[in-house]
Each structure stands twice: as structure tokens, then as C-alpha cells.
Amino acid sequence: MITGMDRLTAAVNGTTSDRIPVFCNLIDQGAKELGMPLKQYFSKGEYVAEAQLRMREKYGYDNVWSLFYVGKEAELLGCRRIIFAAEGSPNVGEMILKNYDDIHKLQVPDDLTGHPAFEEPLKCLKILRKEVGGRYPICAYVTASMTLPAMLIGMEKWMELFLLGPAEVRDELLTKCSDFFRKEIEAYRAAGADILVYANAFGSTDFIPMNLFRERSLYWMKRDLQPGGTNGLVYYCGGARMNPVIDQVIEQLGITTFYLSPLDDLAEGKKIINGRALTCGVINDIKLIDWSKEEIRTEVKRMLAAGMPGGKFLFGTLVMPYAIPEENIRTMLEAVYETGSQ
Amino acid sequence: MNELVTATTRKFTEAILDTDRERALQAVQYAVDQGLMPEDVVFRVVIPTIDRMVRSISENFGASLAQHFITSQIAAEVTEQMIPKFKQRKNVIGHVVIGTSQGDFHGLGKRIVTGCLKAMTIDVTDLGLNVSPQRFVEAAIEGKAQVIGISSMMIHTARGETGCLRVRKILQDAGMEHKIKIIVGGAPYRYDHELYKMVKADAWADNGIEAGEVISKLIREATS
């Protein structure tokens with residue numbers, strides 16, 4: 001039986017399998033799958049692992065996730081208040097850095113694996129590894145040093161500090177966030193994650209101008225990735241566009257998988273990548289809430305026509321909104337399985 | 001004096017595109033020292049720079065979020081410095097209440113819009129984060145605002161029953177729809193350009209800079 005890992009390996013190597021790999025990122029939907037509120041669902045690694053396994057089995061796509069919610073990283077750095085919604089992703093409800101003095105006091109935990117906030121994700125990873133390890137890629141979500149401060153001090157204050165300084169305070173925070181990143185990615189790798197989604201909105205020129213990307217983003221990304229390397233790493237800008245920076249990221253960081261934005265021109269992205277890396281074409285999954293079946297099929301066909309020629313391609317989603325009807329998820333996946341067969 | 005306006009606008013715009021606050025403020029200070037009137041700084045340098053930014057965005061997607069942020073902050077800062085020096089009291093174009101939808105704690109877009117509105121001499125009441133629909137409407141009525149601005153970063157806070165949909169319902173029930181318009185913005189609207197209709201807003205804006213222009217139109221509609 002062909003597994004998700006077989007399909008991914010074929011795509012990475014530029015060979016063919018039965019079809020292109022499909023990464024469908026169902027995170028909050030796990031609660032619906034188990035019939036429980038989101039807060040209860042995210043309280044136990046066993047729940048998250050069980051739902052991930054069930055949903056992958058049910059829909060037939062190729063990946064599973066160890067991600068609970070993005071705010072977990074803030075919890076690992078001291079946040080104690082997460083606000084759970086009834087039908088959407090949890091929010092960080094408390095910024096742990098209220099002023100510059102808090103930045104000086106911020107301490108990166110020595111051992112993340114022993115941290116209470118990491119206990120349940122580790123349980124989840126252990127189960128996933130036991131059940132599907134080596135057969136289906138296990139994904140983890142790691143936020144880059146440039147973007148993590150938004151969860152700690154708030155995006156407004158971070159943008160202000162990032163652009164207006166004081167530079168020494170900004171760099172102190174970035175250094176701490178980069179140190180945290182290095183520990184986090186190491187911990188996920190040690191626990192069995194195969195795919196590390198490197199999330200960095202500040203790695204997109206939708207967020208910062210090109211001069212700052214060159215001066216700062218590349219510098220901090222190099223620092224983040226220097227000890228552990230880029231094996232299994234996926235470049236992802238949180239849904240922001242990346243085509244203008246792909247060349248530099250390949251040349252200077254050596255990253256070999258690009259998870260484009262739905263707003264990127266997919267054919268252009270593949271042309272820029274030009275066989276040097278794996279391209280993931282990403283559907284605009286907000287539209288999946290309301291699209292008709294025909295609209296979904298048309299969009300999938302359009303994307304695959306742009307992405308499949310030349311190989312080294314997979315199909316992906318962003319973080320699928322909770323409100324997408326199950327039949328629309330099925331319609332999308334069936335269309336990819338059919339059109340994406342090789 | 002026209003030459004001074006042209007030169008100042010060019011230096012000011014270049015500094016903003018480089019996200020260089022100090023250089024932008026220096027350009028304005030130099031112009032004032034050379035005798036440029038405070039009214040000219042606002043209406044012939046700052047506001048045209050925002051307009052130009054809007055055009056550049058619509059033409060080639062050329063400006064980043066950081067550039068929007070710096071534009072709005074510097075424009076607001078310069079305008080607030082200049083207004084007390086105006087020879088005549090400024091004419092306020094209108095009043096906007098703004099906040100993020102209930103359950104949403106992402107305030108950057110709101111802050112960019114607020115900065116631009118201040119620079120355009122529009123009064124703004126910032127209601128902050130996680131604002132209930134009732135609070136939006138109460139504040140708009142109390143402050144005689146023509147526009148309610150609702151920013152949402154997450155799809156469930158944009159589409160949910162405690163967001164714009166509820167604000168619309170309260171305005172309808174109060175018979176205030178013709179007096180108070182609603183604009184929405186934030187990431188979900190960028191991924192679905194029809195979403196603003198679904199949540200029953202009057203308009204949306206793709207980014208904080210463009211929002212200033214759209215809100216000006218809504219104010220004119222509400223007061224006509």
C-alpha cells in the first residue's frame with residue numbers, strides 16, 4: 001500500500017507515485033470529530049492524536065499534525081491565558097510582555113521537553129509516531145524569531161519596536177525568540193516530527209519591504225536555523241505571499257520546500273523555484289466555506305494545471321476554518337485525488 | 001513655495017517607503033523652517049502622500065504592512081503637531097468609532113486605520129480590542145459618528161454572530177442604518193472580497209491606508 005510518506009518522497013525526488021501528495025490541515029476540526037468543545041479537546045494529547053488519526057483515515061490525505069494551537073508557544077514562554085472560541089482558533093488572551101522591562105526579564109526555558117505546556121503535545125507526538133510514524137508525515141508548527149514577538153507583546157507594539165526601536169531592545173527580544181526557536185525545533189525533531197513548518201509572516205514582502213527582508217529577516221532566519229539545519233523544513237509566511245523572496249531563501253538559507261500563499265501566482269512560483277525545491281500550491285480555504293462543489297472542482301483543476309507540470313509539487317491548505325462544511329472538504333480532496341493522479 | 005511642497009513631498013514619501021521615521025520628520029521640519037504653512041504640510045504633503053500610497057497599492061501591490069504602519073503613524077504624528085498651529089480652526093470631516101470584533105485581539109490594522117484617519121482630519125474614537133456589537137453602536141450614537149469600523153483578523157470573528165452581523169441588526173432595529181455606515185477590514189476580507197456583503201457591511205478596505213479613503217466616502221454618504 002502506498003503511504004503519504006511514499007508520495008512525499010516521490011515528490012521530493014521528482015519522481016511519480018499514484019498521485020501528488022496532499023497536505024490537508026485540519027486542526028480545530030478534531031474537536032468536531034470527537035464531539036467535544038475546543039477547550040476540552042485541546043486539553044489532552046490523546047484527544048488531538050486520536051482525532052488526527054481518525055480524520056486522516058476518514059479523508060485519506062497524507063499528513064497528520066501535532067499542532068494544538070499557535071498560542072502554545074506563548075504558553076511555553078509564560079502565557080497563562082488562552083481564550084477559546086466556540087467555533088474557531090483559540091486566541092492568546094494575555095501578552096506576557098507589557099513593557100521593555102519585561103523583555104529584559106523574559107527567560108527562555110532551559111528544557112522545553114520538561115515544560116508543563118509541552119507535556120500534552122509530546123503525548124500527542126508519541127501516539128502519532130507509534131501509529132503512523134514513517135508512513136505518514138508528522139507535522140509540527142514552529143514560529144520564527146521575527147514573528148514570535150507578535151504573540152508575546154502584541155503585533156502593534158512589535159511592529160513599533162521592530163521599525164522604530166530602540167534597536168538594542170528589539171535585538172534582545174529577537175535573540176531570546178531565536179534561542180527559543182532553536183530549542184523548540186530541536187525538541188520537535190527529537191519527539192519524531194518529520195515536517196517542521198517554519199512560520200514567518202516577516203519572511204514575506206507583504207509584511208516588510210525588501211530592504212528590511214534582506215537586512216533583518218535573512219539574518220534572523222539564518223540564526224534560527226544555523227544549529228539544526230533545514231532538514232524537513234517548510235518555508236511558510238502565514239498565508240502571506242512569498243514569490244518575491246523565494247530565490248534569496250533558496251540561495252541563502254537552502255530551504256527546499258515552499259508552502260506558497262493562495263494569493264501567490266502558483267505558476268510563477270513554480271517557475272521561480274525551477275526544480276530547486278518542492279512547491280506546495282495552497283488553496284484559498286476561506287472560500288471553501290461558501291464555494292459550490294463546481295467552484296471547488298474548478299479551482300482545484302486550475303491549481304493543479306499550474307502546479308503539476310514538471311513535478312516536485314504537492315497540494316495543501318492553510319489552517320482550514322472550522323466553518324467549512326464536511327462535504328466541501330470531501331469535494332476538494334476527491335477533486336485533488338482525481339486530477340492529481342499520476 | 002510650490003517647489004518646497006514638491007521637494008518636501010518627495011523626501012517625505014521616500015522616507016516613508018524606507019520606513020525611516022527620523023528622515024520623514026526631518027523633511028517636514030525643514031519645510032516648516034523654510035516657511036511652509038502648517039496647513040500646507042497637512043493638505044499638500046501628508047494627505048497627498050497617503051493618496052499616492054493608495055494608488056501605488058492598487059496599481060502594483062507595492063507597499064508592505066510595515067510601510068502602511070509607518071505612513072499612518074508619521075502622518076498622524078505630523079498632523080497632530082501641525083493642527084494647533086493652523087490659522088483657522090480645522091474643519092473636522094466626520095467621526096468614526098473603531099475597534100476589533102468581539103473575540104478578536106489583533107489590533108494592528110485598527111491602529112493603521114486610526115493613524116490615517118487622524119491625518120485626514122477625521123475624528124476617531126478607538127474602542128480597543130474585543131468590542132461587543134452593543135458597544136460599537138452605543139459609542140457611535142453617543143459620539144454622533146457617521147461610521148463604525150470593525151476589524152477582524154480571524155474568520156470566525158469576521159463571520160460570527162457577535163461581529164458585524166449583530167452590529168447591522170442593532171442599527172436596523174434602531175432605525176439608524178441611514179445615519180451610521182459600517183466598514184469592515186482584516187485578513188479574512190482579503191481572502192474573500194465578497195465577504196463584506198455576507199456580513200452585511202456597507203464597505204470593506206483591503207488595507208489600513210485604503211480604509212481612510214473608503215471611510216471618507218462613507219462619511220459623505222451618511223451626511224448627504
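The values are calculated or read from the model by the stated rules, or taken from the named source; none is laboratory data. For clarity, every value in this text was computed on a predicted model and none was experimentally measured. For neighbour counting, all protein chains shown are included, and Cβ atoms are generated from backbone atoms with ideal geometry for every residue, glycine included.
Worth a mention:
- Unmet criterion (only one of (1) touching an Asp or Glu at 6+ places or on another chain (Cβ under 8 Å); (2) in contact (Cβ under 8 Å) with a residue 40 or more places away in the chain) for A:Leu266: (1)
- Residue-level check: of (1) in contact (Cβ under 8 Å) with a residue 24 or more places away in the chain; (2) within 30 Å of B:Glu161 (Cα to Cα), A:Ile127 misses just (2).
- Hey, A:Ser89 modelled with pLDDT under 95 and buried (at least 16 other Cβ atoms within 10 Å of the Cβ) or not: yes
- Verdict on A:Ala117 being more than 11 Å from chain B (Cβ to nearest Cβ), assigned to a helix (DSSP H, G or I) and touching a Cys at 6+ places or on another chain (Cβ under 9 Å): yes
- Residue ranges of helices (runs of 4 or more DSSP H) in segment A:137-237 with at least 1 members within 14 Å of another protein chain (Cβ to nearest Cβ) and more than 25 Å from A:Thr9 (Cα to Cα): A:149-153, A:155-164, A:167-190
- Residues of segment A:34-86 that turn out to be of a type in the set (Phe, Trp, Tyr), more than 18 Å from the chain's Cα centre (by Cα) and part of a strand (DSSP E or B), as a count: 0
- Selection within segment B:126-170 - part of a helix (DSSP H, G or I), hydrophobic (A, V, I, L, M, F, W, C), closer than 24 Å to B:His106 by Cβ and more than 14 Å from chain A (Cβ to nearest Cβ): B:Phe136, B:Val137, B:Ala139, B:Ala140, B:Cys164, B:Val167, B:Ile170
- Test: A:Gly239 is buried (at least 19 other Cβ atoms within 10 Å of the Cβ) and at positive phi: yes
- Considering only residues in segment A:60-86 that are buried (at least 18 other Cβ atoms within 10 Å of the Cβ) and farther than 24 Å from A:Thr113 by Cβ, the one that is modelled with the lowest pLDDT turns out to be A:Ala85.
- Scanning segment B:1-19 for residues that are without any contact (Cβ under 8 Å) to a residue 12 or more places away in the chain and within 14 Å of another protein chain (Cβ to nearest Cβ) yields B:Glu14, B:Asp18.
- Positions within segment A:66-97 being farther than 30 Å from A:Lys130 by Cβ and away from every other protein chain (no Cβ under 14 Å), in sequence order: A:Gly78, A:Arg80, A:Leu97
- Summed over segment B:176-219, residues that are touching a residue at least 12 places away in the same chain (Cβ under 8 Å), more than 11 Å from the chain's Cα centre (by Cα), away from chain A (no Cβ under 14 Å) and not in a strand (DSSP E or B) total 10.
- Subset of segment A:253-276 that is small (Gly, Ala, Ser) and surrounded by fewer than 19 Cβ atoms within 10 Å (Cβ to Cβ) - its residue that is nearest to the other protein chains (Cβ to nearest Cβ): A:Ala267
- Flag for A:Ser89 being within 17 Å of the chain's Cα centre (by Cα), on the phi < 0 side of the Ramachandran plot, in contact (Cβ under 8 Å) with a residue 24 or more places away in the chain and assigned to a loop (DSSP other than H, G, I, E, B): yes
- Checking B:Gly99, B:Gly94, B:Gly115 one by one, the residue that is under 30 Å from A:Met95 (Cα atoms), in contact with a helix residue (DSSP H, G or I) (Cβ under 6 Å, 6 or more places away or on another chain) and either buried (at least 21 other Cβ atoms within 10 Å of the Cβ) or away from chain A (no Cβ under 14 Å) (or both) is B:Gly115 and no other.
- For the residues A:Ile283, A:Ile246, A:Ile296, the requirement of being surrounded by 19 or more Cβ atoms within 10 Å (Cβ to Cβ), at pLDDT 95 or above and in contact with a Pro (Cβ under 9 Å, 6 or more places away or on another chain) singles out A:Ile283.
- Residues of segment B:155-179 classified as crowded, with 23+ Cβ neighbours inside 10 Å and either in contact with a Leu (Cβ under 9 Å, 6 or more places away or on another chain) or among the aromatic types (Phe, Trp, Tyr) (or both), total: 3
- In the set (1) crowded, with 20+ Cβ neighbours inside 10 Å; (2) in contact with a helix residue (DSSP H, G or I) (Cβ under 6 Å, 6 or more places away or on another chain); (3) in contact (Cβ under 8 Å) with a residue 40 or more places away in the chain, the condition left unmet by A:Val169 is number (1).
- Residue within segment B:32-43 that is surrounded by fewer than 14 Cβ atoms within 10 Å (Cβ to Cβ) and assigned to a helix (DSSP H, G or I) present: yes
- Number of positions in segment A:187-199 that are within 17 Å of A:Pro227 (Cβ to Cβ), under 16 Å from the mean Cα position of the chain (by Cα) and not basic (Lys, Arg): 4
- Candidates B:Asp104, B:Asp51, filtered to the one that is touching a residue at least 40 places away in the same chain (Cβ under 8 Å) and not assigned by TED's automatic domain parsing to the domain that holds B:Lys179: B:Asp51
- Identity of the residue in segment A:276-304, polar (S, T, N, Q) and outside any loop (DSSP other than H, G, I, E, B), that ends up farthest from A:Leu263 (Cα to Cα): A:Thr298
- The number of residues in segment A:238-270 being within 17 Å of the chain's Cα centre (by Cα), in a loop (DSSP other than H, G, I, E, B), within 19 Å of A:Ser145 (Cα to Cα) and not hydrophobic (A, V, I, L, M, F, W, C) comes to 3.
- For segment A:1-21, the set of residues classified as touching a strand residue (DSSP E or B) at 6+ places or on another chain (Cβ under 7 Å) and part of a loop (DSSP other than H, G, I, E, B) consists of A:Asp18, A:Ile20, A:Pro21, listed by residue number.
- Residue check for B:Glu80: away from chain A (no Cβ under 13 Å), in contact with a Lys or Arg (Cβ under 8 Å, 6 or more places away or on another chain) and in a helix (DSSP H, G or I): yes
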